[in-house]
Amino acid sequence: MLFRTKKTVDIDTSALPRHIGIIMDGNGRWAKKRGLPRSAGHKAGAEALKKIITEANNLGVEYITVYAFSTENWKRPKEEVDYLMGLLMDYLINAEKTLAGENVVIRAIGSRKELSEEMQRQIIKTEEFTKNNTGIVMNIALNYGGREEILHAVKDISRAVKAGEISADDINERNISDALYTGGQPDVDLLIRTSGEMRLSNFMLWQVSYAEMWFTDKLWPDFKPADLRKAIYDFQNRGRRFGGV
Ligand code: IPE
Ligand code: IPE
Ligand code: MG
């Protein structure tokens, strides 16, 4: 089925990326351009996100992972970290009402033990509340780092080896994928980063192995559903070879 967009780019909904990753960058610069505090940029960014999830879900994308807070973002001023955590908390609470109504499955990926107890409880609550939904799976990468995720997986696998559940020789790529926070989900097909930066910043190091990368100068709060469709359109017009011919 062809989905005609406003800019008349035709998306083939039978050949969608199964898993989209988004590095939502540029909130601070968006605010600065307007003479506003960085927090205003984060707030506008959270609004932009809602529309993107709705669009991806309506198109029929199966998985979307959004980078909300990295293991490196603790380096920011406490005031900004607190604001971001508050925003994420609100997002999780409201998601139960809004996104769940849209049938979205919400999951948090990343290390939880550094998060407040209140946040940890809310994550469990939101995950529980949405787990039987049948729409898009939204992974919120929260206190997430690709290296931390791999480290966590290595520890889990080492414990299984020590307990005699598997032998070291039996460890394979599948075991590693399964031990990641995204265990059971497909690898990322399309990776989007806004704000003109062209780096991974520790995002999904294992899962982006063969992802198509798509960059835009637009700042995250300015990223619209039409931009998502354009990224998908471009993805569908690239030749993925996976090392073949
Ligand atoms: C992305 O926007 C949001 C988070 C990292 C939480 P930034 O806050 O990094 O915005 P810039 O890069 O400073 O413009
Ligand atoms: C990556 O953005 C993290 C998130 C979007 C949450 P950053 O703004 O933190 O990345 P760097 O510091 O520019 O690499
Ligand atoms: Mg940034």
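Rounded, prolate or oblate, given the Cα gyration tensor of the range 102-149, with a/c below 1.5 counting as rounded?
In terms of gyration-tensor shape, oblate.
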* Net dipole in debye of the range 137-210 [+1 Lys, Arg Cβ; -1 Asp, Glu Cβ; about Cα centre; nearest 20] -> 260
* Structure fact -> Taking 175-182, 17-24 and ranking on average Cβ neighbours within 10 Å, highest first, one gets 17-24, 175-182
* To do: Mind checking which of 98, 35, 70 is farthest towards the positive end of the chain's charge dipole, using Cβ charges of +1 (Lys, Arg) and -1 (Asp, Glu) about the Cα centre?
  => 35
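Given a 1.4 Å probe and heavy atoms of the protein chains only, how would you sort 229, 29, largest accessible area at the top?
Numbers: 229 25, 29 90 Å².
In descending accessible area the options line up as 29, 229.
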* Asked: Of the listed peptides 193-199, 239-245, what is their order by residue-averaged count of other C-beta atoms within 10 Å, with the highest listed first?
  -> 193-199, 239-245
* Asked: lysines near residue 113 by alpha-carbon distance under 28 Å, same-chain residues fewer than 8 away left out - which ones?
  -> 43, 50, 75, 78, 97, 125, 131, 155, 162
* Mind giving me the nanometre distance, one decimal, between the label points for residue 82 and residue 234, set 7 Å out from Cα along Cα→Cβ? => 3.9
* Asked: Along the charge dipole of the chain, which of 219, 59, 192 sits closest to the positive end, that is, farthest toward it, with unit charges on the beta carbon of Lys, Arg, Asp and Glu (+1, +1, -1, -1)?
  -> 219
* Asked: Taking θ as phi - 60°, what are the ³J(HN,Hα) couplings along the range 108-116 by the Karplus curve (6.51, -1.76, 1.60), each to the nearest whole Hz, with x for Gly and Pro?
  -> 10, 10, x, 8, 8, 5, 7, 7, 5
* Which one of 243, 153, 181 has its Cα pushed farthest toward the positive end of the charge dipole of the range 126-245, where Lys and Arg give +1 and Asp and Glu give -1 at the Cβ? -> 243
* Structure fact -> Residue-ordered couplings for the range 10-25, obtained by feeding phi - 60° into the Karplus form 6.51 cos²θ - 1.76 cosθ + 1.60 and rounding to whole Hz (Gly and Pro as x), are 9, 8, 8, 6, 8, 10, 6, x, 6, 9, 10, x, 10, 9, 7, 10
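Nearest 5 percent is fine: what portion of the DSSP beta bridges confined to the chain is antiparallel?
10
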* Using +1 on the beta carbon of Lys and Arg, -1 on that of Asp and Glu, and nothing else charged, what's the dipole of the range 43-193 about the Cα centre, debye to 20? -> 320
* Asked: For residue 195, what is the net charge nearby, where nearby means another residue's Cβ is under 13 Å from its Cβ and Lys, Arg count +1, Asp, Glu -1?
  -> +1
* To do: Quickly estimate the mean residue ellipticity at 222 nm for the chain, helices only: each DSSP H run with n ≥ 4 gives -39500 (n - 2.57), and the total goes over all residues, rounded to 500.
  => -13500 deg cm²/dmol
* Candidate aspartates and glutamates for bridging to residue 230, where Cα separation is under 20 Å - those fewer than 8 sequence places away on the same chain excluded -> 10, 12, 25, 47, 55, 62, 189, 197, 212, 217, 222
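The values are calculated or read from the model by the stated rules, or taken from the named source; none is laboratory data. As the structure is a prediction and not an experimental result, all values here were calculated from the model. Positions of Cβ are generated from backbone atoms using ideal geometry, with glycine treated the same way; all protein chains shown enter the neighbour counts. Surface accessibility is based on the protein's heavy atoms, side chains included, excluding ligands, DNA and RNA. Shrake-Rupley method; radii C 1.70, N 1.55, O 1.52, S 1.80 Å.
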